[in-house]
Amino acid sequence: MSSSSLAASWPCVLRTPRLVLRPAEAVDAPAFTRLWTDAEVRRYLGGPVAQDRLGAYRRHFAGRPGLFAVAARDREAAVLGSVTIDTVSRFAGRREVSYSFLPEHWGHGYAREAVAAAIDWAFEHVPSDDPSVVAVTQEANLRSRRLLEALGMRLVETFVEWDAPQTLYTVRRPAAV
């Protein structure tokens, strides 16, 4: 991620009715380690991160521009998941949103609320020549696909990567009123 494109707006804290999205901190390492190693969380992400790679993950996540730790407003210390906005994705340089949540927090609408807030923030604060934000998920990840569609994202491409069919979704910046 290019830090220069986020310099004016990072770090920042986003608040929704139920959530706080804040920069990831070193104290969040236990929750992030679970996000990286939980078999269910990583089911459509290539599987759990290998133990020999966890040290590098732990060294580089805290303070990373665009990486939000997601917590409930009434329990800001307890991380429910993460949302990332990459300023220049591998898809023609478009902003890309990605997310993961701990399984005990699935089915409560937290991911939808957090991802919507991050996309809105990206449109307002992350400069791009492209008026869209993209997201990729495995074709088999029906929960994630339903979430993206509920946010108004539309399927624009399918392809195979990491030996699995993938889907690329996009949403364009809302027209100014």
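Return the total of residues in segment 138-155 being part of a helix (DSSP H, G or I), open to solvent by less than 40 Å² (accessible area, probe 1.4 Å) and out of contact with any Lys or Arg (no Cβ under 6 Å at 6 or more places or on another chain). Step through it out loud before you land on a result.
So in segment 138-155, the residues part of a helix (DSSP H, G or I) come out as 142-150.
Cutting the leftovers down to open to solvent by less than 40 Å² (accessible area, probe 1.4 Å) gives us 144, 147-148.
Imposing the further condition that a residue be out of contact with any Lys or Arg (no Cβ under 6 Å at 6 or more places or on another chain) reduces the set to 144, 148.
Final tally of qualifying residues: 2.
Pairs are defined by a Cβ separation below 6 Å, a sequence spacing of at least 6 or placement on different chains, a first member in segment 46-61 that is touching a residue at least 24 places away in the same chain (Cβ under 8 Å), and a second member that is open to solvent by less than 100 Å² (accessible area, probe 1.4 Å) and in a helix (DSSP H, G or I); the pairs so defined are Y57/W36; R58/A29; F61/F32. Report yes if some residue within segment 1-17 is farther than 18 Å from P103 by Cα, among the hydrophobic types (A, V, I, L, M, F, W, C), open to solvent by 70 Å² or more (accessible area, probe 1.4 Å) and in contact with a Gly (Cβ under 6 Å, 6 or more places away or on another chain); otherwise report no. Yes, because at least one residue in segment 1-17 is farther than 18 Å from P103 by Cα, among the hydrophobic types (A, V, I, L, M, F, W, C), open to solvent by 70 Å² or more (accessible area, probe 1.4 Å) and in contact with a Gly (Cβ under 6 Å, 6 or more places away or on another chain). Confirm whether A135 is within 21 Å of F32 (Cβ to Cβ), of a type in the set (G, A, S) and not in a strand (DSSP E or B). Answer is no for this residue.
Contact annotation: residue pairs with Cβ atoms under 7 Å, 6 or more positions apart or on different chains, pairing a residue in segment 7-28 that is within 22 Å of T87 (Cα to Cα) with a partner that is β-branched (V, I, T) and outside any loop (DSSP other than H, G, I, E, B), are V13/V20; L21/V70; L21/V83. Which condition number does Q138 fail, the rest of (1) more than 20 Å from R42 (Cβ to Cβ); (2) more than 14 Å from the chain's Cα centre (by Cα) being met? Exception for Q138: condition (1). Do any residues in segment 146-164 that are without any contact (Cβ under 8 Å) to a residue 24 or more places away in the chain and more than 18 Å from Y110 (Cβ to Cβ) have Cβ atoms under 8 Å from those of residues that are open to solvent by 40 Å² or more (accessible area, probe 1.4 Å) and assigned to a loop (DSSP other than H, G, I, E, B), where the two are at least six apart or on different chains, and which pairs are they? Listed by first residue and then by second, the contacts come to T158/E139. Residue check: E96 meets all listed conditions (1) touching an Asp or Glu at 6+ places or on another chain (Cβ under 7 Å); (2) of a type in the set (D, E); (3) more than 20 Å from F68 (Cα to Cα) but one, namely (3). The set of residues from segment 124-137 being surrounded by fewer than 17 Cβ atoms within 10 Å (Cβ to Cβ) and within 23 Å of Y110 (Cα to Cα) comprises E124, H125.
The values are calculated or read from the model by the stated rules, or taken from the named source; none is laboratory data. Bear in mind the structure is a predicted one, so any value in this text is a computation, not a measurement. Methodologically, a virtual Cβ is constructed for each residue, glycine included, from the backbone with ideal geometry; neighbour enumeration extends over all protein chains shown. Ligands, DNA and RNA are excluded from the accessible area calculation, which covers all protein heavy atoms including side chains. Shrake-Rupley method; radii C 1.70, N 1.55, O 1.52, S 1.80 Å.
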